[in-house]
1. So which residues in the range 185-231 are part of a loop (DSSP other than H, G, I, E, B) and either touching a Lys or Arg at 6+ places or on another chain (Cβ under 7 Å) or under 30 Å from ASN111 (Cβ atoms) (or both)?
2. Could you list all residues from the range 58-79 that are of a type outside the set (A, V, I, L, M, F, W, C), closer than 25 Å to VAL22 by Cβ and crowded, with 18+ Cβ neighbours inside 10 Å?
3. So how many residues does the range 278-314 have that are modelled with pLDDT of 95 or more, under 28 Å from LEU155 (Cα atoms) and in a helix (DSSP H, G or I)?
4. Which is more than 23 Å from the chain's Cα centre (by Cα) and assigned by TED's automatic domain parsing to the domain that holds LEU24, of MET256, MET289?
5. Would you list the helices (runs of 4 or more DSSP H) that sit entirely within the range 124-184 and hold 3 or more residues that are within 24 Å of the chain's Cα centre (by Cα), over 21 Å from ASN111 (Cβ atoms) and aliphatic (A, V, I, L, M)?
6. State whether one or more residues within the range 260-268 are exposed (fewer than 14 other Cβ atoms within 10 Å of the Cβ) and at pLDDT 95 or above.
7. If CYS167 satisfies every condition in (1) surrounded by 16 or more Cβ atoms within 10 Å (Cβ to Cβ); (2) modelled with pLDDT of 85 or more; (3) within 30 Å of TRP288 (Cβ to Cβ) but one, which is the exception?
8. Tell me which residues, restricted to the range 289-303, are closer than 21 Å to VAL106 by Cα and either surrounded by fewer than 15 Cβ atoms within 10 Å (Cβ to Cβ) or of a type in the set (Gly, Ala, Ser) (or both).
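The values are calculated or read from the model by the stated rules, or taken from the named source; none is laboratory data. Keep in mind the model is a prediction, meaning the values are calculated, not measured. Reconstructed Cβ throughout: ideal geometry from the backbone, glycine too, with neighbour counts over all protein chains shown.
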Amino acid sequence: MIKINVAVIVGPTASGKTELSVKLAKYFDGEIVSADSMQIYKDMNIATAKPTVLEQQGIKHHLMDFLDPKDSFSVAEYCTLAHKVIKDISSRNKLPIVVGGTGLYVDSLLNNITFTEIKSDEKLRGDLYKLYEGKGVDYLLAMIKEFDQESYLRLSEQKNIKRIIRCIEVFETTGKTQTQLNEESHRFESPYNTVKIGLKSKDREFLYDRINRRVDMMIDTGLLDEARKFLSSKTSVTSVQAIGYKELALYFDGVMPLEECIGKIKMNTRRYAKRQLTWFLRDESIIWMNIDELSKYEIYNQSIDLIKRNFYNG
């Protein structure tokens, strides 16, 4: 199999992925493939830190700003579109550069995960949520332990109720465990040669300060108006989870003062960044660069060297 060269830029929010990827796209005549589960939605611009036309600097960005917020979107759908886009970019002798902080999108795409179509059982899901409300998360985890020990251990750490309920729903619907389906999904080799560059900070407070300043800038550039307009429209369960909207809803409803809501946006963004780092740090193939130890110029030059060495024989 002749594999396609793909550069990858990952890391937590506010680490500088967009700026670096645009510079690299200019240098290597590349195009950017977004791997952000919220930037796919139209009109969700400020809250998702979607790069502006000015920030894109004429570089083509794919899989961004194309979906109505009322529509749901799965990782399987993302991978189908992204595979086509990468193939097209490469066919035009340009370098595909995958950029984003949604780890599930990045891993599923680059590892060529195949997805089994599993229809949702709304009644079963509703019943499981009622069980959760009545008996708690540990009760559902005990159910999973009976049929899928590996998923039980993984989900016990995360305690993400949405994933716990989905795990039970998958087993009840298909007769197969999530672990079995995960193993089956890795049947095909990846069609890509990749160089994965990760941006993070050695001092966590350095990144947190960047996040706080970014949120302040979002407020200054119109986040309140965007959130008010967004929350007044009918949206999907997925899109409404964007950080920045749900916190400001408390202000619009008169439940909480504005400054307190802004504080919650900053706190939730910092927590999200921590989850992103936890996900990406598991991948030993990522080459990390600390934004609090290296200048932008040094990170740019080292990234160029890495890509040249791996794709262009130095």
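1. Initial filter on the range 185-231 (part of a loop (DSSP other than H, G, I, E, B)): 185-191, 201-203, 221-222.
Matches in the range 185-231: SER185, HIS186, ARG187, PHE188, GLU189, SER190, PRO191, SER201, LYS202.
2. First pass over the range 58-79, keeping only residues of a type outside the set (A, V, I, L, M, F, W, C): 58, 60-62, 65, 68-72, 74, 77-78.
Within this subset, residues satisfying the condition of being closer than 25 Å to VAL22 by Cβ are 58, 60-62, 65, 78.
Residues satisfying the conditions are HIS61, HIS62, TYR78.
3. The total comes to 1.
4. MET256
5. Qualifying helices (runs of 4 or more DSSP H): 161-174.
6. Step one: filter the range 260-268 for residues exposed (fewer than 14 other Cβ atoms within 10 Å of the Cβ), giving 260.
From what's left, at pLDDT 95 or above: 260.
Yes - at least one qualifying residue is present in the range 260-268.
7. Only one criterion is unmet by CYS167, namely (3).
8. Selection gives SER303 alone.
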